Amino acid sequence: MSRNATGPAALLLKLLGLGLLALALLAAAFRAPERPLESLVARWAPPPSDFIELQGQLVHLRDEGPRDDPTPIVLLHGTAASLHTWQGWAAALKGSHRVISFDLPGFGLSGPSPRGDYSDEAYIAFVLALLDRLKLPRVVLGGNSLGGQIAWELATEAPERVAALLLVDAGGHDFEPEAVPLGFVLARLPGVGAIASGLLPRRLVEASLRSVYGDPAKVDSELVDRYFELTLREGNRAALLQRLRQLRPGTYLERLPGLRQPSLILWGGRDRLIPPAYGEAFAKALPHSRLVSFERLGHVPQEEDPQATVQVVADFLHSLKP
């Protein structure tokens with residue numbers, strides 16, 4: 001064959017070469033090596049952050065407010081988030097309540113689970129072990145998305161440990177999203193795991209955040225930095241892939257009507273990941289619940305507008321006092 005031969009074979013080789021070049025350029029542009037914990041602590045774990053070891057797992061936590069609070073508030077974040085999502089609530093509540101937040105295994109500065117187990121059961125056991133470690137026999141347990149799911153599932157497993165529930169756009173139903181953050185979509189594609197540990201476009205993180213906010217204009221550079229840099233923490237990207245593959249939605253749903261704790265359900269009216277209909281489903285299933293919707297907010301209302309959402313929480317907490 002001549003060096004200048006043309007035809008389908010030559011065209012295919014040329015396209016293949018261009019494709020490989022494009023992939024190489026993309027890999028160079030989006031290369032994001034994992035970052036060691038030590039490189040992230042100064043910016044993302046200033047006081048009152050602390051670290052403890054629990055069951056071989058390093059745990060990043062914040063424990064704020066009066067230590068004599070008989071019923072502390074424990075807050076659990078959602079998938080790919082961190083304890084920082086509760087900063088606004090903690091600031092508003094810590095004057096009169098003990099407020100504890102922490103990074104779940106696989107996320108934030110806590111990093112991956114030593115056992116690689118991200119099942120609901122593993123998370124429930126982990127939170128109970130942390131409550132034991134902190135000597136908290138009974139708490140107000142709250143959570144957003146995955147954290148909300150763990151909260152109410154734990155309440156069905158150990159009702160004596162949960163005085164009340166705060167469910168913020170909580171997971172647990174086999175829900176049908178109206179829109180899914182692009183990062184979650186890509187993470188579940190076959191073969192992505194082989195390259196996920198080395199690539200992470202910052203714009204992908206930004207696009208994913210904008211999709212879960214009711215007002216995308218509220219997604220600023222510092223917020224993107226936080227989610228981006230904490231996702232780069234060693235082991236977190238692999239842990240996210242494992243968690244998504246271990247999902248079993250709907251497993252505990254039949255237990256919901258048996259919960260007797262007072263429950264405050266908060267929902268963003270513009271939540272397209274877990275639409276508001278599922279907040280209504282929780283309110284219908286939980287016998288002692290109240291649903292409050294925030295029409296302009298999205299999937300993380302506690303982060304998008306902490307002032308408006310925490311006021312409802314403060315009123316709810318006041319109603320629990322004898």
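Read-outs: derived from the displayed coordinates by stated rules, not from any lab. In this text the structure is predicted, and so the values were computed from the model without any measurement. Counting neighbours? That spans all protein chains shown, and the Cβs are built from the backbone with ideal geometry, glycine included.
Excluding Tyr123 itself, calculate the net charge of residues whose Cβ lies under 13 Å from the Cβ of Tyr123, where each Lys or Arg counts +1 and each Asp or Glu counts -1.
-3
List the aspartates and glutamates whose alpha-carbon lies under 18 Å from that of Lys218, not counting same-chain residues fewer than 8 positions away?
Straight-line reach from Lys218, under 18 Å: Glu206, Asp271, Glu295, Glu303, Glu304, Asp305.
Under a Cβ-Cβ cut-off of 10 Å, what is the net charge of the residues other than Phe107 that fall near it, where Lys and Arg count +1 and Asp and Glu count -1?
+1
Based on other C-beta atoms within 10 Å, arrange Phe51, Phe316, Phe294 from fewest to most.
Phe51, Phe316, Phe294
Rounded to the nearest 20 debye, what is the charge dipole size of the range 38-320 about its Cα centre when +1 sits on each Lys and Arg Cβ and -1 on each Asp and Glu Cβ?
200
Can you tell me which aspartates and glutamates have their Cα less than 13 Å from the Cα of Lys321? Leave out same-chain residues fewer than eight positions away.
Within the straight-line cut-off, Lys321 pairs with Asp69.
Sticking with the crude label model, points 7 Å out along Cα→Cβ, report the distance from Ala129 to Glu53 in nm, one decimal please.
Taking the simple label geometry, Ala129 and Glu53 are separated by 1.3 nm.
Got a sec? Which residues in the range 74-118 would a label at Gln246 touch, if it sits 7 Å along Cα→Cβ and we count backbone N under 12 Å?
Backbone N within reach: 105-107, 112-118.
Please give the length that would be gained between Ser39 and Gln307 if that part of the chain were fully extended, namely 0.36 nm times their separation in residues minus their C-alpha to C-alpha distance (nm, one decimal).
93.3 nm
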